[in-house]
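Visitor: One structure follows; several queries about it will come next.
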Amino acid sequence: MRRILLSSLLFACPALACAGPPAGQIDPTFWSSDGGVEGLQLEGFDIGGDLEDRAGGMAVDGLGRFLVVGMVEDSADRCLGVMRFTASGQLDKNGFGFDTNAIPRGKICHTTPMVLEPAFPDMNVFPLTSGFLVSGIGQGGNPFVCRFAGDGDLIAGFGSSGCVILGNIDVGVSWPAPDVIVADGSVLVVANDRSGGMSTPVLSRLALSDGALQPFGQDGFVSLLGIAADAFVWDTLLTPDGDLIIVGNIVIEPNDTDAFIARFDLDSSAPDPNFSGDGMVRFKFNQVELGQEYLQAVTMTADGDILAAGLAELPGAMGLALLRVDAMTGTLSPSFNGGVPKLYDPCAAIGGCSPSVKDILADDAQIVVVAGGPTAAPIVARLKAIGDVDTEFGDQGTVVLEPVSRIAGAVLQEGRIVVAGTAPRTTTVLIGNVLSQIEHLDFGLLRLSDGRLFKDHFEAITP
């Protein structure tokens with residue numbers, strides 16, 4: 001086959017006709033139309049009365065496919081639901097799922113483990129070369145990690161029937177989920193252990209081969225911070241040289257919650273002293289006296305800096321806090337917002353909201369913050385790489401995801417934002433002699449336009 005550029009179409013097609021939707025609008029070309037919204041893919045499990053299907057996490061695998069996981073309720077039980085979508089947003093029925101009577105290909109529901117809090121499940125997904133890991137919180141407040149094969153089946157040799165429950169750690173809450181990262185044949189599990197009225201970010205190790213808890217620390221885990229304080233970890237990443245970065249919030253002075261970034265040396269199993277002297281940088285934004293400040297999501301830039309996003313209490317509102325630091329030293333980078341944290345209210349232009357950050361995404365041109373917790377309307381905010389709000393995106397840099405009731409995660413796909421979450425679906429049923437509308441919750445997937453007038457090139461495949 002050969003490829004030909006369709007440059008002649010540029011002259012045959014009026015600019016407005018060729019243009020996609022403005023930046024931040026739902027991309028109608030992303031697979032199908034569901035629920036009356038072009039470009040929104042809705043998928044439910046439809047088992048046992050289809051009570052509620054709530055998405056809790058998402059990731060993209062090495063082939064560009066989207067893995068979406070969450071909790072599914074039926075009339076008798078709850079199960080861990082997994083779906084896979086193609087890069088174009090279509091439910092992937094090729095080699096995923098088992099086409100049972102209850103659930104078609106592209107979807108799988110496993111009865112164990114059952115998440116602790118059914119209303120707002122939170123999970124993390126880590127793709128492997130073949131298959132993937134899912135972490136969450138099981139019954140009793142203990143973290144769980146499950147290992148799945150490439151076809152979506154649980155790997156029976158990993159723990160008990162494919163899942164490991166870390167009974168040595170008591171998370172005690174249902175949000176956020178413990179994070180999982182694979183390094184050197186081990187599954188690193190980062191969670192918040194609650195004991196004696198305090199929360200401590202801790203690290204455990206499982207063998208990737210069979211899920212066995214590896215000897216590590218005194219109780220099967222080590223503290224990730226070098227001080228004893230009430231602290232909470234929200235997100236993690238592994239640096240290219242094999243250290244662990246965590247972000248969260250910490251209380252050292254009474255009633256004063258501060259944001260932090262910490263670096264942990266996995267070789268020495270201790271905080272990295274080269275990172276700000278003691279392994280942790282603490283941030284006091286001080287927009288409000290004794291204000292509540294958090295960092296809830298972290299990523300790395302192409303040149304190796306750390307980008308983090310979270311919340312900062314501003315006068316009259318909870319705003320976004322974004323900052324960029326050197327990954328080795330923890331010092332603020334002068335290339336972002338003049339070397340100081342970026343603090344602003346993304347919801348001012350849309351009449352207010354109450355954000356809670358789920359993800360931060362970045363490439364060379366943009367920084368994207370995806371927010372919306374259990375009680376907040378989901379939003380997506382976009383900034384330029386230098387820290388300026390991108391006013392061409394949505395309403396003054398912010399988009400409200402009206403079709404989605406809660407965000408499970410987001411990724412960048414060639415610059416465009418793909419979001420997974422929980423979305424309502426209304427069906428009409430006959431109850432007795434009366435037609436009634438019933439609202440269900442399904443997994444939802446959509447893509448936001450990046451606003452480019454034309455794509456980088458137009459091409460078609462010809463024989």
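Visitor: Could you give me the residue pairs with C-beta distances under 8 Å whose first residue belongs to the range 388-410 and is more than 24 Å from P341 (Cα to Cα), whose second residue is polar (S, T, N, Q) wherever it lies, and which are 6+ apart or on separate chains?
Guide: Pairs found: V404/T422; S405/T422; R406/T422; A408/T422.
Visitor: Output yes when any residue across the range 265-277 is closer than 30 Å to F148 by Cα, of a type outside the set (G, A, S) and either in contact with a strand residue (DSSP E or B) (Cβ under 8 Å, 6 or more places away or on another chain) or not in a loop (DSSP other than H, G, I, E, B) (or both), and no when none is.
Guide: Step one: of the range 265-277, the residues closer than 30 Å to F148 by Cα are 265-267, 269.
With of a type outside the set (G, A, S) added as a condition, the list becomes 265-267.
From the residues that got through so far, the ones that are either in contact with a strand residue (DSSP E or B) (Cβ under 8 Å, 6 or more places away or on another chain) or not in a loop (DSSP other than H, G, I, E, B) (or both) too are 265-266.
Yes, the range 265-277 contains at least one residue that is closer than 30 Å to F148 by Cα, of a type outside the set (G, A, S) and either in contact with a strand residue (DSSP E or B) (Cβ under 8 Å, 6 or more places away or on another chain) or not in a loop (DSSP other than H, G, I, E, B) (or both).
Visitor: What is the number of the single condition among (1) over 26 Å from N274 (Cβ atoms); (2) within 16 Å of the chain's Cα centre (by Cα) that Q287 does not meet?
Guide: Of (1) over 26 Å from N274 (Cβ atoms); (2) within 16 Å of the chain's Cα centre (by Cα), only one is false for Q287: (2).
Visitor: Could you give me the residue pairs with C-beta distances under 8 Å whose first residue belongs to the range 438-463 and is over 23 Å from G397 (Cβ atoms) and at pLDDT 50 or above, whose second residue is of a type in the set (A, V, I, L, M, F, W, C) and surrounded by fewer than 10 Cβ atoms within 10 Å (Cβ to Cβ) wherever it lies, and which are 6+ apart or on separate chains?
Guide: Cβ pairs passing all conditions: I438/V429.
Visitor: Answer yes if at least one residue in the range 179-188 is part of a loop (DSSP other than H, G, I, E, B) and on the phi < 0 side of the Ramachandran plot, and no otherwise.
Guide: Taking the range 179-188 first, the residues part of a loop (DSSP other than H, G, I, E, B) are 184-185.
With on the phi < 0 side of the Ramachandran plot added as a condition, the list becomes none.
No, the range 179-188 contains no residue that is part of a loop (DSSP other than H, G, I, E, B) and on the phi < 0 side of the Ramachandran plot.
Visitor: Another question, if that's okay. Considering only residues that are crowded, with 18+ Cβ neighbours inside 10 Å and farther than 15 Å from T257 by Cβ, which ones fall in the range 281-304?
Guide: Passing the criteria: V281, A297, V298, T299, T301.
Visitor: Identify all residues within the range 178-196 that are open to solvent by 10 Å² or more (accessible area, probe 1.4 Å), within 17 Å of the chain's Cα centre (by Cα) and not β-branched (V, I, T); write none if there are none.
Guide: Within the range 178-196, D179 is the sole residue that qualifies.
Visitor: Follow-up. Only one residue in V222, V247, V251, V233 is more than 27 Å from L322 (Cβ to Cβ) and β-branched (V, I, T). Which one?
Guide: Numbers: V247 fails: more than 27 Å from L322 (Cβ to Cβ); V251 fails: more than 27 Å from L322 (Cβ to Cβ); V233 fails: more than 27 Å from L322 (Cβ to Cβ).
Residue meeting the stated conditions: V222.
Visitor: Among the residues of the range 337-352, which ones are in a loop (DSSP other than H, G, I, E, B) and surrounded by fewer than 18 Cβ atoms within 10 Å (Cβ to Cβ)? Spell out the reasoning first.
Guide: Let us first name the residues in the range 337-352 that are in a loop (DSSP other than H, G, I, E, B), namely 340-341, 345-347, 351-352.
If the condition is that a residue be in a loop (DSSP other than H, G, I, E, B) and surrounded by fewer than 18 Cβ atoms within 10 Å (Cβ to Cβ), then V340, G351, G352 are the ones that fit.
Visitor: Would you tally the residues in the range 89-109 being basic (K, R) and crowded, with 19+ Cβ neighbours inside 10 Å?
Guide: The initial filter retains those residues of the range 89-109 that are basic (K, R), namely 93, 105, 107.
From what's left, crowded, with 19+ Cβ neighbours inside 10 Å: 107.
Going through the range 89-109 one residue at a time, the tally reaches 1.
Visitor: Of everything in the range 197-240, what is open to solvent by 50 Å² or more (accessible area, probe 1.4 Å), over 17 Å from S269 (Cα atoms) and small (G, A, S)? Give them in sequence order.
Guide: Correct list: G197, S209.
Visitor: Keeping to the range 242-258, report how many residues are at pLDDT 95 or above and outside any strand (DSSP E or B).
Guide: 2
Visitor: On to the next question. Would you say L266 is within 26 Å of A183 (Cα to Cα) and crowded, with 22+ Cβ neighbours inside 10 Å? Outline the logic, then answer.
Guide: Details: within 26 Å of A183 (Cα to Cα): yes; crowded, with 22+ Cβ neighbours inside 10 Å: no.
Here the answer is no, as L266 does not meet what is asked.
Visitor: Give me the residue from the range 52-72 that is of a type in the set (D, E) and open to solvent by 10 Å² or more (accessible area, probe 1.4 Å) and, out of that set, modelled with the lowest pLDDT. Before you say what the answer is, go through the steps one by one.
Guide: Residues of the range 52-72 of a type in the set (D, E): 52-53, 61.
Subsequent filtering for residues that are open to solvent by 10 Å² or more (accessible area, probe 1.4 Å) retains 52, 61.
Working: E52: 83, D61: 96.
The selected residue is E52.
Visitor: Out of all the residues in the range 161-176, is one or more open to solvent by 30 Å² or more (accessible area, probe 1.4 Å), farther than 16 Å from S223 by Cα, in a strand (DSSP E or B) and at pLDDT below 95?
Guide: Taking every residue of the range 161-176 in turn, at least one turns out to be open to solvent by 30 Å² or more (accessible area, probe 1.4 Å), farther than 16 Å from S223 by Cα, in a strand (DSSP E or B) and at pLDDT below 95.
Visitor: Further, regarding this structure: Hey, does the range 81-93 have a residue that's modelled with pLDDT under 85, in a loop (DSSP other than H, G, I, E, B) and either out of contact with any helix residue (DSSP H, G or I) (no Cβ under 9 Å at 6 or more places or on another chain) or under 15 Å from R447 (Cβ atoms) (or both)? I'd like the intermediate steps shown before the answer.
Guide: Applying the first criterion (modelled with pLDDT under 85) to the range 81-93 yields none.
No, the range 81-93 contains no residue that is modelled with pLDDT under 85, in a loop (DSSP other than H, G, I, E, B) and either out of contact with any helix residue (DSSP H, G or I) (no Cβ under 9 Å at 6 or more places or on another chain) or under 15 Å from R447 (Cβ atoms) (or both).
Visitor: P334 is checked against (1) surrounded by fewer than 19 Cβ atoms within 10 Å (Cβ to Cβ); (2) in contact (Cβ under 8 Å) with a residue 40 or more places away in the chain; (3) closer than 27 Å to G415 by Cα; (4) not acidic (D, E) and fails just one. What number does that condition carry?
Guide: Here P334 clears every test but (2).
Visitor: Okay, moving on. Quick check: is even one residue across the range 365-380 open to solvent by 30 Å² or more (accessible area, probe 1.4 Å), over 30 Å from F443 (Cβ atoms) and outside any strand (DSSP E or B)?
Guide: From the range 365-380, those open to solvent by 30 Å² or more (accessible area, probe 1.4 Å) are 365, 374-375, 377; that's our starting set.
Subsequent filtering for residues that are over 30 Å from F443 (Cβ atoms) retains none.
Scanning the range 365-380 turns up no residue that is open to solvent by 30 Å² or more (accessible area, probe 1.4 Å), over 30 Å from F443 (Cβ atoms) and outside any strand (DSSP E or B).
Visitor: Can you list residue pairs whose Cβ atoms sit under 7 Å apart, with the first residue in the range 226-251 being more than 14 Å from R194 (Cβ to Cβ) and the second being of a type in the set (K, R)? Count only pairs 6 or more apart in sequence or on different chains.
Guide: D243/R263; I245/R263; I250/R282
The values are calculated or read from the model by the stated rules, or taken from the named source; none is laboratory data. None of the values given here were measured: they were computed from a predicted structure. Cβ atoms come from the backbone with ideal geometry, glycine included; neighbour counts cover every protein chain shown. Heads up: the accessible areas ignore ligands, DNA and RNA and are worked out on the full protein's heavy atoms, side chains in. Shrake-Rupley method; radii C 1.70, N 1.55, O 1.52, S 1.80 Å.
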